[in-house]
Structure formats: structure tokens, C-alpha cells
Amino acid sequence: MGQDIYQENGMMRTLKIIAVFLLLYTFLTSISLMGHAFKGFGSGFVETLIKTTSNPFIGFFVGLLATSIIQSSGTTTSMIVAFVAADVLTVRSAIPIIMGANIGTTVTNTLVAIGHFTRREEFKRALNCSTMHDFFNIMTAAILLPLELSTHYLERTAGFLARHFCEFSGMSVESPLNVIIKPAIRAIEGFFIVFMGLPQKPASIFMLLTALAILFFSLFFGIKLMHTLVIKRTEVVFNNILGKNAVLVMFMGVLFTALVHSSSVTTSLLVPIVASGILTVENAFPVTLGANLGTTFTAILASLAGNMAAVTIAFAHLLFNMTGIILIYPIKAIRRIPLRMAAKMAEFAYRNPLYAITYVFIVFFVIPTLLILISRAF
Amino acid sequence: MFKNFLSFWKGKDFLSRILDDFNKMLEDTEDMFSLVLNKLLDSKEEAGLKDKIYSVDKNVNDLEREIRKRIVEHLSLQPGIDVPACLLMMSVVKDAERIGDYCKNLYEVTEFLKQPLDKNKFKQLFDDMDGEIIKEFSKTKTAFKDSDENMAREILHIESAIVKNCDAILKKLSSSSLGANEAVCYTLIARYFKRIAAHLANIGSSVILPISDLDFFDENIRREN
């Protein structure tokens, strides 16, 4: 009993770290490959896509629905970065999609909370914790979407930051990463066009599918690997920090999420701990906010394989989440709003757990689908 | 803040920390038992003993809660890792907490006594049972820490003898001519000694028993000893 039975040897750890870097390479390659694929579709397709997403409300609900289905804002935002890098989407039309994706990702921890439904008190606490994230992100979008549509402050500020970042990192000439990614892109393109002999458009479709497959693969295994690499140390920090200084706790949320590339992993870990009564929702809140910030790291990473527009949208994502925290968290009366809404939701679902399932189904799937269809009709 | 973060980052891993805390629980309860025995047998009471006993008992209870909290956090963050160890710890911390409670109860017996215990009478009834329990404390700490199966069997042997003797004492007391106060106090002492020995045996035997059989002793193991 005196020995930790889960001890990794140095060799295994080294192999995992090498694997993480390999997956990072494949992740960046997939982003770049997506851009290449879209370029091959021709201007007609791109124009149609831009037209479709030019309506910010459609974009917002597309982001929400897509992320609810995929259950990964990292995947959705990485795809958006790739689309922006390929000029398939403008930064302006991508921002509402990012906002929607921010809400869509919260469905995962709500589904985890619903898993506690057999024990009512536990279920109530679990749902309180998970929907706190939902309501915070909804509140942030409710404030910032109209603000962005009227002032484009996120686009402007992110653009300013992106210009300086690109100059500093040398991306204004060419992304240094493209030097190592290009050979892989050329090889894949060459496989479909030269080896398989496919015409441009079909080759582009296959390239896009390949890019998506590589993206999912990279994120899925990357998250798993990083999780095993950092979780032991995170547990030590978690136990020492949780419930103490909110800024420190938020920083921990940022760091863990940035390393693991998944806000869903971070927020889902909190649910059973809050459900057991060990942590209060108020103490879990800063971790959730940290997760919101930490997840933007994935998009920033993806943008390094792109261009300045890609970096702009990645920074817009970061600024969106930062602004939400700055507006809502510091003032107690405002901070209480999403907490109270979550508590009410939990109280409601406590009477009948079916309400929780209905809430997920309607908010994350029915409403976005209906509103997309209605917006397209008009 | 950064210095604090660094110290948090370098902290001990989960199992090491809860084992350290559990060891502290056993040390605290052993101290409680010794202090109470001194008062019981030698009427030696250090100043502020009552407050000290209650305070140490509170620490033991707090450690139990802290260990349980960490176990839940650990299983939430790393499900599937160290599950048997976690289940075992959830069980044995309860035993350690109960030992603390019984030591506190023993102290309360000293307050019931109208006059100090007659040492000779005590020796006649209990022989060296208090010494055996002290030995059991020491062996339990070692057996648990080092997963020493031989020592775990010795603990079961000690406990078995104490249980038999306590039952014999109760039989003797029921037909004795002692005054009500003395008889009740001796009965309670026998009862609490038996429970302390049993909980120590639960902890020690966890080294040799599967999780599903914790606190249920195989009579064969007892007979082997």
C-alpha cells in the first residue's frame, strides 16, 4: 500500500511526450489540409458558404448545433480557424459561430451530470454544476453577440493583436510551421491527384475528409495522452488549491484545459466532485471560467498553421471568453446570475430528471435546428 | 502566489498523502489511549487532559473527512486508478475514527468513577490487556504501513485473546458483588477495550483480507493462530 501502483516509467513517459508532439504535427497538418481542400472546391462553393454564414444568427446556431453534436469546441473552433485561413469564412462571420460553439461545448458536462440521476441529491448538485457553465456562456453570448454585431469590437481588437503577433512571430511572411507542414500536405495532395488520378474537385473532397479524419484522430488521442501525462500532478494541485484563491483556481483551470485541449474534460471532472458535495458550485465556478479561457489555446495553436486571418479569429475567441469573465465574474451581484439560474434549473430537474433531458434536447438541438431552418427560409 | 503554486505542484501524490494522514490518525488514537490509561490506572492526569482528548478526537475526525474527500476527488479525476486502495481506505478510516471515539468514551468512564480504580482488582480482571492493546496499536501501524502479513496474523491472534478475555470479564462481573458504580465502570472498560482491539484488528487484517471480506474474519485464520 505504501507504493503508488500507477507509476509510469521514464521510457513510457518519453514515448507519450513524443506521441504528443507527433499528434500536434498531425493536428496542424489537418488544419492546413482543410484550407487546401477548400481552395480546390472553387469560388462558387466558397461564395455559397460565405453567403450562408453571413447571417450571424445562422452562424451562431450552426456553431452551437455542430459543437453539441461533436461535443468538442476544440474541434469546431479548429475547423473554423481552418475555414478562415482558407478564406472560406470571413472573420466577421466566423465570430458568431465561435460564440455558438462556446455554448454547444457545455452539453458534455450536462450529459455527465444526468448520469447521476439515480441519486436525487447528487443529481441536483451535479446538474447545478454543469448548467452553471451553460448559463454563464449563454449570458456571455447574450451580451457580446449584439455588442459585436453593432461595434465589431472583437474583430477589431483581435485584428490589432493578430497583426502585432504575426509580425513578432514571423508569420507576416510565412508561418514558420508551414515549412514543416507543407511536405505532408503536398504528399497527401499528390496521393489523390497524381497517384489516384482524381480530378481537382473529387480530390478536394477526399482531402477534406482526410483532413477531418486526421483532425478528429489528433484531438481525440491528443486529449487522452495529455490527460494521462498531466492528471497525477493536476490532482496534487487540485487538492491544494481548490476552494482557495479564485484567481489561482482559475489559472489552474486555464493551465489544465490548455494542456489537455478540452474544456469538456475539465468541466466534466468537476461534476462528480460537486455531486458528492465535496466542492460547492461557487468554488467550482472559477475552474469553469478557467476552462473557457484554456480551450482557446487549441484554436490559437491551430491558427499557427494558418495566416493572419486565422490568428485573428483565434484571438477573437480568446477575447470573447476574457470579456465574458471580466464583465460577469468580478461583481458579486452579476456573478450570482448564472449561479442562481443553474440552481433553479437543478431544483426544477430534482422534481423530475426528465426535465433535464428535455432541457438538453431542446436547448442544444431543437432550438438551433429550428432557428437555422427558419432563418434560411427568410 | 507563484511560490505557493510551485509548492502545490511539487506536493506528494495521492496515496502517499492519505497514508501519511491515516498513520497520523493511528498515532493520535494511540496517544489518546495511553493518556486515558494513565488517568484510569494511576490517577495521573496532566493539566487540560479533557480538552486535549476532545481536541485530538476532533483532529482524528477531521482527518477522516479529509481522507474521504481526497478519495472522492482522486476517483473523480482518475477513475479506475487505485480503486481497491480507495475502497480499503474508506473502510479503515472509519475504524480509526471509531477507535478515537472509544478512547474518548474511556476517558468519560474516568469521570464516572466515584473513586480511583483499585489497581489490584483491575489486574485481577484485565491482567495485562491494556499492554496488549498498546502492542496491538504498534503492530497495526507497522502491518498496515509495510503490508506485513505475518504481523497482521499476530494482530488477529492478540485480538482474539482480548475478545475472549473481555467476554470472560463480563461474565465474572455479572456474578460479582461489586458496587454498582464500580461494576458499571469495569463493564464499560471491558466493552471499550474489546471494541478498540476489534477495530485495530479490522485495520491490521485488511492486509490479508480481500476488500469484500473486510471486517469479516475467517475463523480459519483465527484458528491458525
Filter result (touching a helix residue (DSSP H, G or I) at 6+ places or on another chain (Cβ under 7 Å) and of a type in the set (Gly, Ala, Ser)) within the stretch A:322-339:
A:324
When residues of the stretch B:84-133 are filtered for being assigned to a helix (DSSP H, G or I) and over 17 Å from residue B:53 (Cβ atoms), how many remain?
23
Condition first: free of Cβ contacts under 8 Å to residues at least 12 places away in the same chain and either part of a helix (DSSP H, G or I) or in contact with a Gly (Cβ under 7 Å, 6 or more places away or on another chain) (or both). Now tell me which residues in the stretch A:242-269 satisfy that.
A:248, A:269
From the list B:39, B:69, which residue is part of a helix (DSSP H, G or I), within 30 Å of residue A:236 (Cβ to Cβ) and either within 14 Å of chain A (Cβ to nearest Cβ) or out of contact with any Gly (no Cβ under 7 Å at 6 or more places or on another chain) (or both)?
B:69
Quick one: residue A:118 ticks every box in (1) more than 29 Å from residue A:93 (Cα to Cα); (2) assigned to a helix (DSSP H, G or I) bar one, so which box is it?
(2)
Those residues of the stretch B:20-34 which are in contact with a helix residue (DSSP H, G or I) (Cβ under 7 Å, 6 or more places away or on another chain) and either free of Cβ contacts under 8 Å to residues at least 40 places away in the same chain or within 14 Å of another protein chain (Cβ to nearest Cβ) (or both) amount to B:21, B:22, B:23, B:24, B:26, B:31
Can you tell me which residue among A:27, A:21 is surrounded by 15 or more Cβ atoms within 10 Å (Cβ to Cβ), closer than 16 Å to residue A:184 by Cβ and modelled with pLDDT of 90 or more?
A:27
Considering only residues of the stretch B:136-157 that are surrounded by fewer than 19 Cβ atoms within 10 Å (Cβ to Cβ) and polar (S, T, N, Q), which is nearest to residue B:33 (Cα to Cα)?
B:138
Scan the stretch A:336-346 and give yes if some residue there is more than 26 Å from residue A:123 (Cα to Cα), in a helix (DSSP H, G or I), at pLDDT 95 or above and more than 16 Å from the chain's Cα centre (by Cα), otherwise no.
no
Any idea which residue in the stretch B:72-83 is modelled with the lowest pLDDT, counting only those that are part of a helix (DSSP H, G or I) and of a type in the set (A, V, I, L, M, F, W, C)?
B:77
So residue B:80 clears everything in (1) in contact (Cβ under 8 Å) with a residue 24 or more places away in the chain; (2) within 14 Å of chain A (Cβ to nearest Cβ) except one condition, right? Which one?
(1)
Answer yes if at least one residue in the stretch B:68-80 is surrounded by 15 or more Cβ atoms within 10 Å (Cβ to Cβ) and more than 30 Å from residue A:268 (Cα to Cα), and no otherwise.
no
Counting only residues that are assigned to a helix (DSSP H, G or I) and in contact with a helix residue (DSSP H, G or I) (Cβ under 7 Å, 6 or more places away or on another chain), how many does the stretch B:135-152 have?
12
Do any residues in the stretch A:221-240 that are more than 7 Å from every other protein chain (Cβ to nearest Cβ) and under 22 Å from residue A:284 (Cα atoms) have Cβ atoms under 6 Å from those of residues that are outside any helix (DSSP H, G or I) and of a type in the set (Ser, Thr, Tyr), where the two are at least six apart or on different chains, and which pairs are they?
A:223/A:262
Would you mind telling me which numbered condition in (1) more than 10 Å from chain B (Cβ to nearest Cβ); (2) over 26 Å from residue A:181 (Cα atoms) residue A:315 fails?
(2)
All but one of (1) assigned to a helix (DSSP H, G or I); (2) surrounded by fewer than 18 Cβ atoms within 10 Å (Cβ to Cβ); (3) in contact (Cβ under 8 Å) with a residue 24 or more places away in the chain hold for residue A:277; which doesn't?
(1)
Checking residue B:122 against (1) exposed (fewer than 14 other Cβ atoms within 10 Å of the Cβ); (2) away from every other protein chain (no Cβ under 14 Å), which single condition isn't satisfied?
(1)
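Tell me the residue from A:301, A:354, A:293, A:370 that is free of Cβ contacts under 8 Å to residues at least 60 places away in the same chain and in contact with a helix residue (DSSP H, G or I) (Cβ under 8 Å, 6 or more places away or on another chain), please. Talk me through it step by step, then tell me what you get.
Values: A:301 fails: free of Cβ contacts under 8 Å to residues at least 60 places away in the same chain; A:354 fails: in contact with a helix residue (DSSP H, G or I) (Cβ under 8 Å, 6 or more places away or on another chain); A:370 fails: in contact with a helix residue (DSSP H, G or I) (Cβ under 8 Å, 6 or more places away or on another chain).
Sole residue among the options that is free of Cβ contacts under 8 Å to residues at least 60 places away in the same chain and in contact with a helix residue (DSSP H, G or I) (Cβ under 8 Å, 6 or more places away or on another chain): A:293.
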Can you tell me which residue in the stretch A:196-248 is surrounded by the fewest Cβ atoms within 10 Å (Cβ to Cβ), limited to those that are farther than 24 Å from residue B:66 by Cβ and polar (S, T, N, Q)?
A:200
Restricting to the stretch A:92-106, name every residue that is in a helix (DSSP H, G or I) and buried (at least 24 other Cβ atoms within 10 Å of the Cβ).
A:94, A:95, A:96, A:97, A:98, A:99, A:100, A:101, A:102, A:103, A:104
Does the stretch A:162-179 contain at least one residue that is modelled with pLDDT of 90 or more and crowded, with 19+ Cβ neighbours inside 10 Å?
yes
The condition from (1) assigned to a helix (DSSP H, G or I); (2) surrounded by fewer than 20 Cβ atoms within 10 Å (Cβ to Cβ) that residue A:290 misses is numbered (2)
Tell me, please, whether a residue that is farther than 14 Å from residue A:130 by Cα and in contact with a Gly (Cβ under 6 Å, 6 or more places away or on another chain) can be found in the stretch A:270-279.
no
Can you tell me which of (1) within 14 Å of chain A (Cβ to nearest Cβ); (2) in contact with a Gly (Cβ under 7 Å, 6 or more places away or on another chain) is the one residue B:92 doesn't meet?
(2)
What about residue B:53, is it within 11 Å of chain A (Cβ to nearest Cβ) and either in contact with a Phe, Trp or Tyr (Cβ under 6 Å, 6 or more places away or on another chain) or in a helix (DSSP H, G or I) (or both)?
no
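The values are calculated or read from the model by the stated rules, or taken from the named source; none is laboratory data. It should be emphasised that the depicted structure is a prediction, and the values quoted were computed from it without experimental measurement. Neighbour counts run over all protein chains shown; Cβ positions are idealised from the backbone, glycine included.
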